[in-house]
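Undergrad: Dumping the structure here so I can ask a few things about it.
The values are calculated or read from the model by the stated rules, or taken from the named source; none is laboratory data. Not measured: the values here are computed from a predicted model. Cβ coordinates were reconstructed from backbone atoms using ideal geometry, including for glycine residues, and neighbour counts include every protein chain displayed.
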Amino acid sequence: MQFPLKTILIDDEPLALSRLKRLLEKHSGVFAIVGEARNGAEGLVEIDRHSPDVIFLDIEMPLLNGFEMLSKLTKMPLVIFSTAYDQYAIRAFEENSVDYLLKPVENDRLAKTIEKIKNIANAGSSNAGSVNPYSENLLKLLEDMKPKKEIFSLSVKSGDRILLIPLTEITHFEAEEKYVFLNTLDGQKYLLNYTLTSLEEKLPNHYLRISRAGIVNSHHIKEIQKHFNGKYVIAMRDRKASQVTSGSTYADAIRHLLDN
């Protein structure tokens with residue numbers, strides 16, 4: 001990146017936008033304001049038009065909020081969040097954006113942001129062609145923030161038929177060597193084409209990973225007994241009265257379940 005950095009301001013509050021613009025114009029050697037937008041939809045247009053180096057982005061805006069707008073970008077500029085709501089000033093945003101400014105933006109606080117930007121720009125010029133770590137981190141944060149797509153059943157093959165098993169009827173999953181099996185309340189067992197890790201990402205929160213080889217539906221646990229070496233034996237409410245043993249490294253998850 002070369003100074004002055006092409007900069008876009010995105011904020012739905014006219015007074016906040018004009019104040020930020022006045023502050024940045026005092027640092028014309030660092031920022032060259034090439035566009036302004038009043039919401040996320042306009043922001044996308046301006047970013048596509050100017051390919052900015054840095055954007056100052058409000059979070060709460062009509063049409064598209066700041067996070068929704070960022071999730072639609074294919075190339076991520078340096079992002080500096082600015083908002084009046086300190087509920088957003090959490091560590092995740094501080095770590096994954098260049099900086100975080102609370103409105104009304106003050107000169108002294110902005111000076112610290114400028115120092116950060118200079119350090120990033122200088123580091124980028126000495127590592128030409130490398131991906132900005134802030135952009136990578138922010139993209140990961142946005143991906144993690146996406147809500148899980150809610151599922152209600154899993155498909156299994158039974159002979160020539162495809163069965164849809166409701167999640168409410170599944171008691172637990174277990175891995176045996178290279179295979180993963182689904183177990184139901186009526187004692188049936190079906191082979192799945194999923195890994196336990198992929199299931200863990202898809203399933204609702206009441207499904208609990210209890211070992212490297214098992215996931216249980218906490219709604220169908222009958223009882224939990226302490227075992228040795230920090231393990232637990234979990235009895236399920238299925239027709240077979242299945243018992244599954246937790247892994248010692250998953251003890252915290254079981255204790256959290258007991259506390260609730």
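Undergrad: Going by what's in this entry, would residue 237 be described as in contact (Cβ under 8 Å) with a residue 24 or more places away in the chain, out of contact with any His (no Cβ under 9 Å at 6 or more places or on another chain), assigned by TED's automatic domain parsing to the domain that holds residue 159 and charged (D, E, K, R)?
TA: Spelling it out, it is not the case that residue 237 is in contact (Cβ under 8 Å) with a residue 24 or more places away in the chain, out of contact with any His (no Cβ under 9 Å at 6 or more places or on another chain), assigned by TED's automatic domain parsing to the domain that holds residue 159 and charged (D, E, K, R).
Undergrad: Kindly indicate the residue of the range 217-260 that is under 19 Å from residue 181 (Cβ atoms) and of a type in the set (D, E, K, R) and also surrounded by the most Cβ atoms within 10 Å (Cβ to Cβ) among those meeting that condition.
TA: The selected residue is 238.
Undergrad: Condition check: assigned to a loop (DSSP other than H, G, I, E, B) and either within 18 Å of residue 157 (Cβ to Cβ) or basic (Lys, Arg) (or both). Does residue 190 satisfy that? Give the derivation first.
TA: On the way: assigned to a loop (DSSP other than H, G, I, E, B): no; either within 18 Å of residue 157 (Cβ to Cβ) or basic (Lys, Arg) (or both): yes.
Taking the combined requirement at face value, the residue does not satisfy it.
Undergrad: Out of 181, 173, which single residue is within 23 Å of residue 239 (Cα to Cα), assigned by TED's automatic domain parsing to the domain that holds residue 247 and free of Cβ contacts under 8 Å to residues at least 12 places away in the same chain? Lay out the reasoning, then the answer.
TA: Numbers: 173 fails: free of Cβ contacts under 8 Å to residues at least 12 places away in the same chain.
The conditions single out 181.
Undergrad: Hey, can you tell me all the residues within the range 48-65 that are within 21 Å of residue 114 (Cβ to Cβ) and in a helix (DSSP H, G or I)?
TA: If the condition is that a residue be within 21 Å of residue 114 (Cβ to Cβ) and in a helix (DSSP H, G or I), then 50 is the only one that fits.
Undergrad: Please determine, by comparing only the residues of the range 177-216 that are over 22 Å from the mean Cα position of the chain (by Cα) and basic (Lys, Arg), which one is surrounded by the most Cβ atoms within 10 Å (Cβ to Cβ).
TA: So, considering only residues that are over 22 Å from the mean Cα position of the chain (by Cα) and basic (Lys, Arg), the one surrounded by the most Cβ atoms within 10 Å (Cβ to Cβ) is 189.
Undergrad: With the range 195-249 as the region, which strands (runs of 3 or more DSSP E) entirely inside it contain at least 2 residues that are over 20 Å from residue 185 (Cβ atoms) and of a type in the set (Phe, Trp, Tyr)? Walk me through how you get there before you give the answer.
TA: On the way: elements: 207-211, 214-217, 221-226, 232-236, 243-245.
Qualifying strands (runs of 3 or more DSSP E): none found.
Undergrad: Checking the conditions here, which among 120, 80 is in contact with an Asp or Glu (Cβ under 6 Å, 6 or more places away or on another chain), modelled with pLDDT of 75 or more, surrounded by 15 or more Cβ atoms within 10 Å (Cβ to Cβ) and in the same structural domain as residue 17 (by TED's automatic domain parsing)?
TA: Matching residue, one of 120, 80: 80.
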